[in-house]
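Presented below is the structure to which this report refers.
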Amino acid sequence: MKTIYFVALLFFVVLQSVGASGQTAKLMGTVKDSTGNPIAFAIVKVQESKAVANTDAKGKYHFDNLPAGKTTLEANELGYKSQTKTIILKTGETDILDFVLNPENIEMHEVIVKGNISINGMGHLAESSDGIIYSGKKTEVLVLDSMNANTAQNNPREVLGRVPGSNYSETEGSGFPSNGIGFRGLNPTQSIETNMRQDGYNITADLYGYPESYYLPPLEAVDRIEVTRGAASLAFGPQFGGAVNYVIKRGPSDKPFEFTTAETGGSYGFFNSFNAIGGTLKKWNYYAYVQYKGVEGWRPNSGVQQVLGFARVEYAADPKFKIGLEYSLLRNTIHMPGGLSDAQYNENADQSFRSRNWLSSPWNILALTSEYKISPKTTLTLKSALNISERNLVWRNEDGGPQTLDSISPATNSYVPREVEHEGFLSSTTELRLLTEYNIAGVKQIFTAGVRYFAGYMKRQEGGPGSTGGDFDMNLYGGKYENDLDFYTHNLAIYAENTFHIGYRFSITPGIRAEYLQSSAKGYITDDTTIVNVDRSQVRYIPLAGIGFQFRTTHTTNIYANISQAYRPTDYSNQTPIGVASKIDPNLKDASGYNIDLGWRGMIGNFLNFDIGGFYLAYNNRIGIETLMDADGNPYTYRTNVANSVSQGIETYIELNPFKALSLNPRIGNLSFFNSYAYIDAKYTSGEFAGNWVEFAPSTIDRFGITYTLKAFSTTFLISNTSKSYADANNTIYSPDATVGLIPAYQVLDWSGSLKIKNYVLKFGINNLADTKYFTLRTDEYPGPGIIPAIGRTVYVGFQAKF
């Protein structure tokens with residue numbers, strides 16, 4: 001916290017340092033972009049006197065008193081190339097000098113990307129982008145090429161860890177490589193409360209019935225990651241956790257062909273090969289990659305074989321219209337070593353007592369994207385995605401917990417039969433957005449509206465009698481599935497938001513969203529030995545509203561605030577989850593609530609980047625796990641609407657480059673620091689658990705990083721601290737089956753670096769440098785049940801070449 005106080009004090013001092021001097025000439029003019037639109041909040045600086053003026057909402061600036069004679073002025077704004085002009089001022093006269101700035105896109109260690117505001121990898125989204133209004137919303141942008149990180153293994157701490165309060169279920173060490181993410185005390189398991197997207201379209205299996213993420217793009221292919229917190233509910237959908245959008249790289253615009261290859265090896269048999277091509281041929285831009293990743297695993301029985309592929313072709317018919325087609329592919333085979341009991345974990349965290357658990361999740365996403373500029377101020381965007389995917393599981397039944405050994409029975413001289421589970425997904429999501437700019441009393445306003453239609457089908461089959469063998473065998477032996485259900489979901493949503501600028505500093509953005517949701521379930525389930533036919537349907541109408549505020553304190557800083565409603569419907573698929581040791585409440589209710597944000601963010605020069613704010617998340621009818629006793633006095637876990645909860649706290653991100661702050665350019669290199677900190681008070685506020693901590697909600701998450709650069713060499717050292725949390729609403733410390741209990745606090749150290757020589761890059765690092773023994777997840781389902789240990793110390797070395 002001392003770092004925060006120091007930087008805040010420094011920030012105030014810098015703000016007070018801006019001044020002006022009185023002279024004898026006047027100067028005025030405008031700053032516009034290359035299309036003739038005014039640029040608000042641009043800086044016009046007099047080089048001789050250092051006097052500064054900011055443009056208003058119409059792009060106008062003026063100086064009342066300047067010295068007569070030869071004067072040189074520079075106009076600049078983030079995302080544009082600066083322009084310098086010289087003029088001869090005459091005493092007592094008013095001269096006019098206009099500027100036209102051209103857009104600039106830069107991707108280097110120090111990053112400024114048009115549409116985003118970022119320094120050294122972390123920043124926030126501009127007021128509007130890609131048909132979406134972000135004014136007043138808490139956003140983060142992570143630019144991957146400017147970070148030192150283990151992107152070959154998608155290490156979440158080194159990339160998304162910069163986002164304050166981001167919490168992960170680290171399951172990679174247990175054969176389940178899709179690490180989940182959660183914010184503000186929300187459940188991180190498989191990102192179920194966060195809207196996961198790629199290039200702006202949905203990549204999860206089902207928006208409502210099964211919003212889990214098995215597919216994530218390799219970070220080596222990602223240009224940037226855009227994170228929008230709870231206020232994302234109006235534009236993206238009603239999830240409490242907001243949205244995370246992975247933006248894939250584009251082919252270079254200045255060459256017809258470019259080839260990139262990156263080969264990485266590491267501990268425990270890790271090997272990753274990433275190969276990409278891209279380029280621009282006349283009106284065509286293309287980009288494609290293939291990634292192979294294989295690892296024997298930190299624990300026995302935790303090997304993974306995975307192939308990811310992607311191809312995009314985009315055609316720009318003219319400056320107004322472009323259309324693209326994308327295809328994403330995932331093929332994998334995952335060996336899961338199972339969960340551990342507390343005793344097993346304490347004895348040895350990297351052991352395994354399951355050798356017959358397997359998972360695969362073949363994923364296919366075909367997406368159509370297009371953009372049409374109806375006029376210079378009006379744009380229509382379309383994103384439509386078709387998802388054809390599966391999730392296949394064969395494993396030793398979860399009954400009895402991790403302490404029940406999977407061993408050969410002396411009576412049968414064989415293993416017990418495994419269970420076979422299968423899910424098939426077929427869904428389509430289409431979103432059409434309109435964004436337009438217009439003027440009221442000469443001041444620019446922004447309006448956006450959109451419609452989304454989702455149709456999803458899910459086939460769920462569970463409890464099938466599997467083989468007694470140990471390989472990946474999905475065949476049934478001697479019977480049918482215990483449960484066989486078909487789920488159908490139809491969703492139609494419309495939304496609208498408008499940013500009203502009042503003057504050139506203050507804006508208000510009200511918005512509304514209306515959701516129609518129809519869900520049904522057909523098939524049968526087995527209750528003990530009785531087969532029960534299922535034929536149910538439900539219709540919901542869900543109105544949502546929100547409002548945001550933004551006040552520009554300077555041209556690069558602003559105060560933001562918003563309140564937005566959120567919603568989480570309980571579909572029938574939630575009531576029959578696959579591979580769960582807990583009992584499920586048959587009368588689960590929908591959850592509802594709202595998010596509030598208030599913060600101050602921005603940049604000071606090129607040396608300080610900050611975002612300091614508070615949040616409040618109200619969550620009614622929260623679905624969680626509580627521990628109950630059966631008639632014989634034995635404990636069991638129960639998934640239900642536990643109670644209402646509130647998460648509140650502060651989130652801060654501060655990045656400081658002291659050498660740039662002091663205008664130093666030392667020969668010994670450059671140094672920068674960043675601190676991502678969150679205090680989260682997430683507790684139940686009603687029912688018998690009032691005052692207890694919410695599950696998987698650590699009270700503090702603190703990450704501190706130091707980056708050193710010297711010419712082509714760069715290295716980052718990261719310290720990550722996460723406080724304790726609990727796995728159930730009872731805040732149980734210990735349970736015999738380990739599905740609930742304490743998740744102890746932990747500290748993890750990561751070190752990474754890179755050396756770039758022309759078109760070649762050498763990457764290297766050590767994750768979990770101190771070989772800390774820790775875990776982030778206790779679970780009542782796969783890849784458990786029980787404790788899922790996080791991976792120990794690993795070393796990696798990679799080589800990248802670009803031609």
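The values are calculated or read from the model by the stated rules, or taken from the named source; none is laboratory data. Since we're looking at a predicted model, the values are computed, not measured. A quick note on method: Cβ atoms are made from the backbone with ideal geometry, for glycine too, and the neighbour counts reach across all protein chains shown. Ligands, DNA and RNA are stripped out before the accessible areas are found, and what is left, the full protein with its side chains, is counted by its heavy atoms. Shrake-Rupley method; radii C 1.70, N 1.55, O 1.52, S 1.80 Å.
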A careful count of residues in region 356-402 that are of a type outside the set (Gly, Ala, Ser) and over 25 Å from Arg452 (Cα atoms) gives 15
Output for region 338-357, where each listed residue is touching a residue at least 60 places away in the same chain (Cβ under 8 Å), surrounded by fewer than 21 Cβ atoms within 10 Å (Cβ to Cβ) and among the hydrophobic types (A, V, I, L, M, F, W, C)
Ala343, Ala349
Right, Arg418: basic (Lys, Arg), at pLDDT below 95 and touching a strand residue (DSSP E or B) at 6+ places or on another chain (Cβ under 9 Å) or not?
yes
Of the residues in region 697-720, those that are under 20 Å from the mean Cα position of the chain (by Cα) and open to solvent by less than 20 Å² (accessible area, probe 1.4 Å) come to Ala697, Pro698, Ile701, Arg703, Gly705, Leu718, Ser720
For Ala276, only one of the following conditions fails: (1) over 26 Å from Asp771 (Cα atoms); (2) in a loop (DSSP other than H, G, I, E, B). What is its number?
(2)
In region 523-569, anything over 28 Å from Phe240 (Cβ atoms) and not β-branched (Val, Ile, Thr) is listed as Gly523, Tyr524, Asp527, Asp528, Asn533, Asp535, Arg552, His555
Of the residues in region 38-53 that are at pLDDT below 80 and on the phi < 0 side of the Ramachandran plot, the one that is most open to solvent (accessible area, probe 1.4 Å) is Glu48
Among the residues that make up region 448-463, is at least one of them at pLDDT below 95 and part of a loop (DSSP other than H, G, I, E, B)?
no
Return the pairs, sorted by first residue and then second, in which the second residue is assigned to a loop (DSSP other than H, G, I, E, B) and of a type in the set (A, V, I, L, M), the first residue lies in region 206-222 and is over 30 Å from Thr261 (Cβ atoms), the beta carbons are less than 7 Å apart, and the residues are 6+ apart or on different chains.
Pro211/Ile192; Glu212/Ile192; Glu212/Ala205
Residues of region 675-696 being open to solvent by less than 10 Å² (accessible area, probe 1.4 Å) and either in contact with an Asp or Glu (Cβ under 6 Å, 6 or more places away or on another chain) or modelled with pLDDT of 95 or more (or both), which ones?
Ser676, Ala678, Ile680, Ala682
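Residue by residue, here is whether (1) modelled with pLDDT of 95 or more; (2) among the charged types (D, E, K, R); (3) touching a Gly at 6+ places or on another chain (Cβ under 7 Å) holds:
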{"position": "Pro319", "(1), (2), (3)": "no, no, no"}
{"position": "Tyr327", "(1), (2), (3)": "yes, no, no"}
{"position": "Leu330", "(1), (2), (3)": "yes, no, no"}
{"position": "Asp350", "(1), (2), (3)": "no, yes, yes"}
{"position": "Arg354", "(1), (2), (3)": "no, yes, yes"}
{"position": "Asn357", "(1), (2), (3)": "no, no, yes"}
{"position": "Ile365", "(1), (2), (3)": "yes, no, no"}
{"position": "Asp406", "(1), (2), (3)": "no, yes, no"}
{"position": "Asn413", "(1), (2), (3)": "no, no, no"}
With at pLDDT 95 or above, over 22 Å from Phe551 (Cα atoms) and assigned to a strand (DSSP E or B) as the only criterion, which of Ile525, Ile494, Ile512 stands out?
Ile494
Can you tell me how many residues within region 272-308 are more than 23 Å from Ala149 (Cβ to Cβ), among the β-branched types (Val, Ile, Thr) and buried (at least 19 other Cβ atoms within 10 Å of the Cβ)?
1
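Out of the residues in region 676-705 that are in a loop (DSSP other than H, G, I, E, B) and among the hydrophobic types (A, V, I, L, M, F, W, C), state the one that is nearest to Gly123 (Cα to Cα). Let's see the steps before the verdict.
As a first pass, look at region 676-705 and keep what is in a loop (DSSP other than H, G, I, E, B): 685-686, 690-692, 694-699.
Add one more test, that the residue is among the hydrophobic types (A, V, I, L, M, F, W, C), and what stays is 690, 694, 696-697.
Numbers: Ala690: 37, Val694: 30, Phe696: 27, Ala697: 25 Å.
Per the stated criteria, the residue is Ala697.
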Mind listing just one residue for me: the one in region 138-167 that is of a type in the set (A, V, I, L, M, F, W, C) and assigned to a helix (DSSP H, G or I) and, of those, surrounded by the most Cβ atoms within 10 Å (Cβ to Cβ)?
Ala152
Among (1) among the β-branched types (Val, Ile, Thr); (2) in contact with a Lys or Arg (Cβ under 7 Å, 6 or more places away or on another chain); (3) open to solvent by 60 Å² or more (accessible area, probe 1.4 Å), the one test that Thr436 misses
(3)
Need the failing condition index for Phe803 against (1) open to solvent by less than 30 Å² (accessible area, probe 1.4 Å); (2) of a type in the set (Phe, Trp, Tyr); (3) farther than 27 Å from Leu671 by Cβ, just the number.
(1)
Qualifying strands (runs of 3 or more DSSP E) (wholly inside region 168-271; at least 1 residues being open to solvent by 10 Å² or more (accessible area, probe 1.4 Å) and among the small types (Gly, Ala, Ser))
258-266
State whether the residues of region 776-799 include one that is in contact with a helix residue (DSSP H, G or I) (Cβ under 7 Å, 6 or more places away or on another chain), of a type in the set (Phe, Trp, Tyr), open to solvent by less than 40 Å² (accessible area, probe 1.4 Å) and farther than 15 Å from Arg157 by Cα.
yes
Using the structure shown, decide if Tyr504 is of a type in the set (Ser, Thr, Tyr), surrounded by 16 or more Cβ atoms within 10 Å (Cβ to Cβ) and in a loop (DSSP other than H, G, I, E, B).
yes
Name every residue in region 54-105 that is assigned to a strand (DSSP E or B), among the acidic types (Asp, Glu) and open to solvent by 70 Å² or more (accessible area, probe 1.4 Å), in order of residue number.
Asp64
